[in-house]
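The values are calculated or read from the model by the stated rules, or taken from the named source; none is laboratory data. Worth saying up front: this structure is predicted, and the values here are computed from it rather than measured. Positions of Cβ are generated from backbone atoms using ideal geometry, with glycine treated the same way; all protein chains shown enter the neighbour counts. When the accessible area is computed, the model is the full protein with side chains, heavy atoms only, and any ligands, DNA or RNA have been set aside. Shrake-Rupley method; radii C 1.70, N 1.55, O 1.52, S 1.80 Å.
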Amino acid sequence: MIREIVVYPDKRLKLISKEVKLFNGALHDLLDDMYETMCAKNGVGLAAIQVGVEQRVLIINVPIEAKEGEADQPKENTLEMINPVIIEQDGAEKYQEGCLSIPGVYEDVERSKHVKVEYLDRDGNPQTIDDDAFLAVAIQHEIDHLNGKVFIEKLSYIKRKKFEKEWKRKLKEG
Ligand code: Y12
Ligand code: CO
């Protein structure tokens, strides 16, 4: 089922999401709905709070590098992360980010280049992932959502003011 996306400045985007304790059918339904919603909206990542669910759950579409000469290869894999925790991070890099809760806005954001993250999969099994490219950016963006933060909060004061003014105008125009 496609769920409605929570749009900035909805107060729910400021909530600190709660740790998942039950790895049951309801969690699997949420993950499946989040996947359907993300694909329907052409997103690459989604946190549960963006569909109004206050739980530490996120998904990311990870592009797969094509193997030469092999037909019918999948183009992406979906990473599901429950209760993710960044246990190592270093370096810095800028990347142009967008967010399904702030559609049409893209800004350069500086984040750690490399992250190592511990999380649980949909069955509650512990997993670890290490990345220093696209996935590192996406994970940090989505974990920020779990902590009530959106990417425009990382902009400079002047850029943030400009964004707020334009966003208000955009919402008014509908
Ligand atoms: C790198 C940077 C940011 C992320 C977080 C995940 N971000 C997204 O998935 C953003 C998707 C997005 C899609 C949009 O399209 C529609 O809403 C149909 C969009 O709006 C427009 O283009 C008008 C904005 C953002 C992961 C990795
Ligand atoms: Co986002």
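Quick look at the numbers
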quantity: Full-extension gain in nm, Lys116 to Arg160, via 0.36 nm per residue minus C-alpha separation; calculated: 12.9 nm
quantity: Which listed pairs, of Lys14/Lys75; Lys41/Lys149; Lys116/Lys170; Lys116/Lys149; Lys75/Lys172; Lys18/Lys116, have C-alpha distances above 28 Å, in listed order; calculated: Lys14/Lys75; Lys116/Lys170; Lys75/Lys172
quantity: Solvent-accessible area, 1.4 Å probe, carbon plus sulfur percent, for the chain; calculated: 49
quantity: Segment Gln127-Asp29, length gained on full extension (0.36 nm per residue, minus Cα span); calculated: 33.2 nm
quantity: Linear extension gain, Glu76 paired with Glu153, 0.36 nm per residue minus alpha-carbon span; calculated: 24.8 nm
quantity: Pairwise centroid distance, computed over Cα atoms, of the stretch 56-90 with the stretch 128-174, Å; calculated: 20
quantity: Top positive-direction residue, dipole computed over the stretch 11-173 with Cβ charges, set Ser17, Leu31, Ile64; calculated: Ser17
quantity: Cβ-based charge dipole, the stretch 46-174, positive-most Cα from Ile129, Phe163, Val117; calculated: Phe163
quantity: The chain - accessible surface per residue (Å², probe 1.4 Å); calculated: 60
quantity: Virtual paramagnetic centre 7 Å along Cα→Cβ of Glu65, amide N under 14 Å, in the stretch 125-147; calculated: 132-135
quantity: Protection-proxy order for peptides 4-13, 47-56, each taking the mean of Cβ atoms within 10 Å per residue, highest first; calculated: 47-56, 4-13
